[in-house]
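Note sheet for the following structure.
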């Protein structure tokens, strides 16, 4: 009942009604953070734009499809969470927030990203999972300080060669896409530490042994006939991983078909393994 009332009140712009939805935001929070997640908002409250010293703004899990131009006043913002909303296009005002380090855009309806995103040269983490991307936008390859890229649960079939320009990239999550081959560009990125290609359509894995910084590779739920070869100490999650020896090549096909029939896996659940590495697959924006 409470959420229904909030949803109705959020449509009314009157100050009294908006106060009910967002609470008392008359003064700048001492921690320089505003969390309006799950408030049934259909518009971003303008009063938030007055907090020019704000560092963290969470607008997750609402009904937003646009943002006010006044948001550009938040030039100290470092974390912006817009996941679980109704954005079909990224509002241009986001590209003016040049101090952003973390941007959550997951679980929207994005098919592309604007070229102006390249202005966010301080961006370290970008979440794009569960959108409508059929290809990774070229502008992502211009974010020179990017360290972590979440692009799972889209419809990606390949990755652009320009991705290797991201020399700071250490972690890439590509689970739940439509990759038929292991992305060749990743083989030319020796500084990668985590690669997740779980739940794709990859039938053969090349050797990853030359990726000397690699710590974890997740390749489960692919119709593969071999496991990727990795260097010493690298954790593999998938068929023929560390828990079960990889069969001889001539037996690999027969073994793979038998495993598909039984739906058996040789590794513990991915979430459990990620937890042991201090990672998380949650698609909601964690408060940092």
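Every number in this text was worked out from the coordinates using simple rules, so none of it is lab data. All values reported here derive from a predicted model rather than from experimental measurement. Every residue, glycine among them, receives a Cβ derived from its backbone with ideal geometry; neighbour counts consider all protein chains shown.
Odds and ends about this structure:
- Applying 1/(1 + (r/R0)^6) with R0 = 25 Å to the Cβ-Cβ distance of residue 132 and residue 168 gives a FRET efficiency near 0.40.
- Sorting 172, 79 by the number of Cβ atoms found within 10 Å of their own Cβ, with the fewest placed first, yields 79, 172.
- Part-to-part distance (alpha-carbon centres) for region 169-198 and region 45-119, which is given in Å: 27 Å
- Among beta bridges from DSSP that stay inside region 27-276, the antiparallel ones total about 0%.
- Mean Cβ neighbour count within 10 Å, used as a protection proxy, ranking 49-55, 153-159 highest first: 153-159, 49-55
- Rel. contact order, % - alpha carbon contacts under 8 angstrom, at least six apart, region 27-276: 9 percent
- Mean sequence separation of contacting Cα pairs (under 8 Å, at least six apart), scaled by the length of region 46-123, corresponds to a relative contact order of 29 percent.
- Among 41-48, 126-133, the order from most to least packed when residues are scored by Cβ within 10 Å on average: 126-133, 41-48
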